[in-house]
1. Does region 97-117 hold any residues that are assigned to a loop (DSSP other than H, G, I, E, B), surrounded by 16 or more Cβ atoms within 10 Å (Cβ to Cβ) and either among the basic types (Lys, Arg) or not assigned by TED's automatic domain parsing to the domain that holds residue 165 (or both), and which are they?
2. Pick from region 143-170 the residues that are of a type in the set (A, V, I, L, M) and more than 32 Å from the chain's Cα centre (by Cα): which of them is surrounded by the fewest Cβ atoms within 10 Å (Cβ to Cβ)?
3. Taking the condition of being under 21 Å from residue 106 (Cα atoms) and in a strand (DSSP E or B), how many residues in region 142-162 meet it?
4. So, in region 19-69, how many residues would count as being surrounded by 16 or more Cβ atoms within 10 Å (Cβ to Cβ) and of a type in the set (S, T, N, Q)?
Amino acid sequence: MDNYDKHAEVLNTLVYTLNSGVKGSIELSKSQLEEWEECYKSNKRFVIESGKYVFGLNPNLVADFKCLRAQSIETSSVHIIQTHIEEAEKELEEDPLISFKIVCKCSATYLTPSRKSRRKSNCKYCQSPVFVDYSSGIIETHYGNGLLMTNTKYVDKNAARPEGYDDLKRTYSGSRREEIRV
C-alpha cells in the first residue's frame, strides 16, 4: 500500500483509558484496529507507525478501550442535526414569529418579532415590562398582521384572544435583529 492509499483509507478512533486513569486516543485504519485487538487478546505490545510518529501501547496498562468507527460517527451526527432541524421546524409551525408593535410609557414605539404565544416582554429602551393587549385586537404592521404590547394602560392579562388570533401565521419575515422605529 503506497503513501497515498494510507491517507485515503477511512480511519477509526481508538479511545483508551490506562490503569492510571489517563485517557488517550489515536486514529487507526481497519487493519491496524484488527492488529490492536489481536495484541490486546494475546497480551502483546502494540506498536505502529503513524506518519512520522511511532506509537506504542502496552495492553497490560490499558484498563478499557472503545473504537469509534468513522461511519457511525458521521451517521450519528447527521441524525442528530436532522432531528434538531425537524424540532425547530415543528416549533416554528406551532408558535411562529409574528410582529409586535411595542408602545411604552417612555414614549418608545417600535416593531419587533416574537413568538405568537408570548404574553410579556420588556421595552428595549427603558426595560419596563410591556404586556400583550388583546383588547386592541389584531393590528396591521409593516410586516402584516400582528399584536400590540403596551404598558401605557391597564392590560387585562386574562382577556380572551382576539378574533383572528388563530389565523396569525409567520407574519414577520425580516431579520430577527431588525426592528423598525415607528
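1. Selection gives 116 alone.
2. 160
3. So the answer is 4.
4. The total comes to 2.
The values are calculated or read from the model by the stated rules, or taken from the named source; none is laboratory data. Keep in mind it's a predicted model, so treat the numbers as computed, not measured. No Cβ is skipped: glycine too gets one built from the backbone with ideal geometry, and neighbour counts run over all protein chains shown.
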